[in-house]
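For reference, the structure is listed below as structure tokens.
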Amino acid sequence: MSKTPEAVAAAERWTAHNYHPLPVVIADAEGAWVTDVDGKRYLDCLAGYSALNFGHRHPALIAAAHAQLDRVTLTSRAFIHDQFAEFCQKLTDLTGKDLILPMNTGAEAVETAIKVARKWGYLVKGVRPGQAKIIAMEGNFHGRTTTIVSFSTDPDARDDFGPYTPGFQLVPYGDLAALEAAIDENTVGVLVEPIQGEAGVLVPPAGFLPGVRDLCTRNNVLMLADEIQSGLGRTGDTFACDDEAVVPDMYIMGKALGGGIVPVSAVAADQNVLGVLKPGEHGSTFGGNPLACAVGIAVIDLLRTGEFQERSRELGERLHTGLAKLIGDGVTEVRGRGLWAGVDIDPARMSGRDASVQLMERGVLAKDTHGSTIRLAPPLTITADEVDWALEQFHSVIA
């Protein structure tokens, strides 16, 4: 008798219904594969929304976590531990920035970027007190805190959570003219996802990110790049901004930085930006804890080899070539870069939820967004044969 229905019912009984998960209950995982409570295996093509870029239980990451668990896991930032400096130094090397501020979740990192940009605006740019403005993009997803949902255009994330935090202005994603018109003397930052993930893996027009960089430079505004989903190898580069040789003033990182083991996030910027913070003005008890830093060091070491970026480029091309063959045969559009794709299902065929359930039944885990779009983001450890097998299952469901 299957254990899944009872486990699903128990989860529904004791949990607030803030998610609508697929009816699969995972009990074990390794690499690109997971196994449910009934022993059925699935190819994980979501990878924790890019938190599992290096697969489930990567040996180097698990070894780093085990070793640190035997020593010390938490000190708080009241003290310095022996993993902290190495983590920060290696992350500055990876980003090319002067300083790091470690936090835990992606939303915390975005909140950190917002606070730093505002303080920079007052202390460095000279914006009048209380007037700092940050420009964000329509269709954005930066988290679900009360401040972040204040500039969301997703009704599920925003509705009924007001009153909303002021100080933000929205412009259409990809529209440089609208961005230029919105910038004024009080603008301290432009917050942008190089690729919008939750919106359906939307890739901006060529030249948009360099255009944002240019507008920010000319107007003394900080470019804040949210690379929480797009960064750390997902798109075929270390950061998605790298594809057009754009260097933001601040990188916002999360998800894959914790190796799928612990929540780890950070912002990286130069001294003239992050240096505005003084003791007591921002922090986190768990931010930069020893376990997080030990895992983060191992993640950075994996990225420094370039292997995972190369795998994402090569296997991403294979994935996108296969998905493109379905356009006009159950698929209306495919977007993305590297091992990351947004696939629009013809609504006349089925909904994105129906497609996700049918893929699950065939042993492939993916997830829908905005009704008719499927997001695919397998671990960067996936093999060519596994990509081909996933494409076969996708074709069987959609075509």
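A compact table of results
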quantity	calculated
Residue-count net charge about G275 - beta-carbon cut-off 13 Å; Lys, Arg +1, Asp, Glu -1	-1
Cβ-based exposure ranking for S230, S2, in which fewest neighbours within 10 Å come first	S2, S230
Loop GluC sites (Glu not before Pro), the range 171-257 (other Cβ atoms within 10 Å of the site Cβ: 15 or fewer; DSSP)	E185
When each of K97/K367; K90/K133; K97/K255 is checked by Cα-Cα distance, pairs over 30 Å	K97/K367; K90/K133
Translational diffusion of the range 72-304, µm² s⁻¹ [Kirkwood Rh, Cα pairs; Stokes-Einstein; 10 °C; 1.306 mPa s]	89
Separation between Cα centres of the range 8-29 and the range 114-171, rounded to whole Å	32
Loop-located GluC sites (Glu not before Pro) in the range 251-327, at most 13 other Cβ atoms within 10 Å (DSSP)	E281
Peptide ranges 269-275, 10-16 listed from the most packed, as the mean C-beta count within 10 angstrom indicates	269-275, 10-16
Charge context of K3, other residues only, Cβ under 9 angstrom, K/R +1, D/E -1	-3
Local electrostatic count, L46, Cβ distance below 9 Å [Lys/Arg +1, Asp/Glu -1]	+1
Shape call, the range 89-206: gyration tensor on alpha carbons, a/c limit 1.5	rounded
For the range 42-57 and the range 364-399, distance of Cα centres in Å	12
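None of the figures in this text is laboratory data; all of them are computed from the coordinates on show. Nothing here was measured: the structure is a model prediction, and the numbers come from that model. Note: ideal-geometry Cβ built from the backbone for every residue, glycine included; neighbour counts use all protein chains shown.
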